[in-house]
C-alpha cells in the first residue's frame, strides 16, 4: 500500500458506505438486495467523487452547538412573532421582498445554509440565487432581516470551520 493511499481511499469508502446505506433503506434491508447494493455503491461512489470532489471540512463542535441553539431559539421566537401578528392585527405588518448576498461560496454548504435559513418563520429565501444574491420574503421589511441573515450565516460558517467566518 502506498503512503497516503489510505487517506485517498477514505472519501471513496465514505461515499460508498453512504450509498450502500441509502440503498438498504430503499430496499428495507432485504438480504437479496445487498449484493446489487454493493455493486451500485461501487459504481456511484467514483462517479459522485468525480462530479463533486471532497473538500476539507473542519467543523467546530462548539460553534455548531451554538449555531443549532440559535436556530432553535430563532424558530421559537419567529413562531411567537407570527402568532402575535396573527392575533393582534394592530401590530405592524409590512411584507415584502429583500435581497440577500450570501458570502458562503456556491455548493452544498450554501444550499444547506439556504434551507436552514428558511426554517424559522418570518423570512424565506424563495428564488434560486443569481448574480445578485437571494430574494427573501419577509413579514416586515422594516425589521433588520438582512442583518439577522448575515449574523446567522456567520454563525453557520464558523460551525463549518470556515476561516473567514467573521
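Overview of results
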read-out: Distance between modelled label sites at residue 90 and residue 30, nm, 7 Å Cα→Cβ extension; value: 6.4
read-out: Crossing angle, helix 34-51 versus the chain [Cα axis fit, 0-90 degrees, rounded to tens]; value: 60
read-out: FRET efficiency, residue 73 to residue 52 (Cβ-Cβ, R0 25 Å, nearest 0.05); value: 0.15
read-out: With Cα atoms, 0 to 90° folded angle of helix 61-87 axis to the chain main axis; value: 40
read-out: The chain: angle of helix 108-117 to the longest principal axis, Cα-based, in degrees nearest 10; value: 30
read-out: Relative contact order of the chain, pairs being alpha-carbon contacts under 8 Å that are 6 or more residues apart, as %; value: 24
read-out: Residue exposure sequence - 12, 87, 126, 67 - by fewest surrounding Cβ within 10 Å; value: 87, 126, 12, 67
read-out: Percent of Cα pairs exceeding the 28 Å cut-off, where the set is the chain; value: 44
read-out: Taking the range 5-51 and dividing mean pair separation by its residue count, relative contact order in percent (alpha carbons under 8 Å, at least six apart); value: 49
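Bear in mind these aren't lab numbers, they're just calculated from the coordinates by the rules spelled out. For clarity, every value in this text was computed on a predicted model and none was experimentally measured. Ideal geometry is used to build each Cβ from the backbone, glycine not excepted, and the neighbour counts take in all protein chains shown.
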